[in-house]
Every structure is written in structure tokens, then in C-alpha cells.
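Take a look at the structure below.
The values are calculated or read from the model by the stated rules, or taken from the named source; none is laboratory data. This one's a predicted model, so the numbers in the text were calculated from it and none came from an experiment. Glycine also receives a Cβ, built like all others from the backbone with ideal geometry; neighbour counts cover every protein chain displayed.
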Amino acid sequence: MNDIRTHTDQILHTKAVRITPMRQLLLDYILTQNQAVGLNELEAEFPKADRITIYRTLKTFEEKGILHSIEQGHSEVQYALCHEECGPEHHVDRHPHFACERCGRIICLEEVFIPRVAIPQGFIQHDVEMTIKGVCGECG
Ligand SMILES: [Zn+2]
Ligand SMILES: [Zn+2]
Ligand SMILES: [Zn+2]
């Protein structure tokens, strides 16, 4: 756990986010997961923490470039650890995500790059999401 806390503090420091016990607690947990996490899962994991506080912490992490959100349309927004070059209002996580249809976990495919897609003239792109659906190695 000490190694994780060192890593947590390093990330908070690098991304210029003030250290608070709540931020440390959530980031410690997220660092030990090799899949994206959602608000419901975090709330279940930390029953003493208030849902709003967890939500705000996730939003802060997203704004500061610590976590990126993954929207799946029908299901809850998930959050995963960012690339180290992500910063305030600037995310470089342009990778697809793999969603397992059996266990529901979502994994970052960081080594894959999403190509730029030509959109009609006059349109403005804000974001791009690519999800690959299937069965993960643990369920297959
Ligand atoms: Zn990012
Ligand atoms: Zn699975
Ligand atoms: Zn990702």
C-alpha cells in the first residue's frame, strides 16, 4: 500500500492537484484496478464517503488530467487513469476501450490510436469514443 500511496502523491503533485485524504483514498483504489471504475463501484467500496464528494473528486481528476471518462451511452460513466501527458482541460487519451459483455469491465487499449475521421464541413468535433465489445480474457 505504501508504494501505491507514493504513486498517488506523485500523480497529484505532477498534475498540481492539492492533496486531500479523499483524493488519496480514491486514487489509491483506482491505481490498484486494471480496469475503469464507476461512481457506483466507488460508493460501494467507500461506504463512509458521501456520493457527492466522490463525484466531485472524479470531476476534479478529470479536469486536471488524472482520469478520463468513458461514456457507453446506456450504462454508467466509467473513469480510467490518464496518460501522463494529460493536463488541465487537455486530454491525449485517444484510444479505444474494450467492453466485456460478460463481466462488464472496461479496459483502455492504450497502444491503439483512433484515426482522425473527416466530418462534414461546418461541423465541430468535441470528442471521439470508440468501444470494442466482446469477451475479455478472463471470461473467454
Ligand atoms: Zn487524459
Ligand atoms: Zn470479462
Ligand atoms: Zn482509456
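Here are the numbers for the structure shown:
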| item | result |
| --- | --- |
| Residues within the stretch 81-129 that are farther than 27 Å from Thr57 by Cβ and within 16 Å of ligand 1 (Cβ to nearest atom), tallied | 4 |
| First in the stretch 101-121 and farther than 26 Å from Glu84 by Cα and at pLDDT 90 or above, second anywhere and away from ligand 1 (no atom under 16 Å from the Cβ) and of a type outside the set (Ser, Thr, Tyr), Cβ under 6 Å, 6 or more apart | Glu101/Lys133; Arg102/Val135; Arg102/Cys139; Cys103/Cys139; Ile119/Gln125 |
| Meets criteria (closer than 13 Å to Ile106 by Cβ and surrounded by fewer than 18 Cβ atoms within 10 Å (Cβ to Cβ)) for Ser75 | yes |
| Filter result (surrounded by fewer than 17 Cβ atoms within 10 Å (Cβ to Cβ), under 13 Å from the mean Cα position of the chain (by Cα) and not aliphatic (A, V, I, L, M)) within the stretch 97-121 | Glu110 |
| The stretch 13-67, subset assigned to a helix (DSSP H, G or I) and touching a Cys at 6+ places or on another chain (Cβ under 9 Å), residue nearest to Glu89 (Cα to Cα) | Glu62 |
| Whichever residue in the stretch 128-140 is within 16 Å of ligand 2 (Cβ to nearest atom) and in a loop (DSSP other than H, G, I, E, B) and, among such residues, is nearest to the chain's Cα centre (by Cα) | Cys136 |
| Residue within the stretch 56-69 that is of a type in the set (Val, Ile, Thr) and either in contact with an Asp or Glu (Cβ under 7 Å, 6 or more places away or on another chain) or loosely packed, with under 13 Cβ neighbours inside 10 Å (or both) present | no |
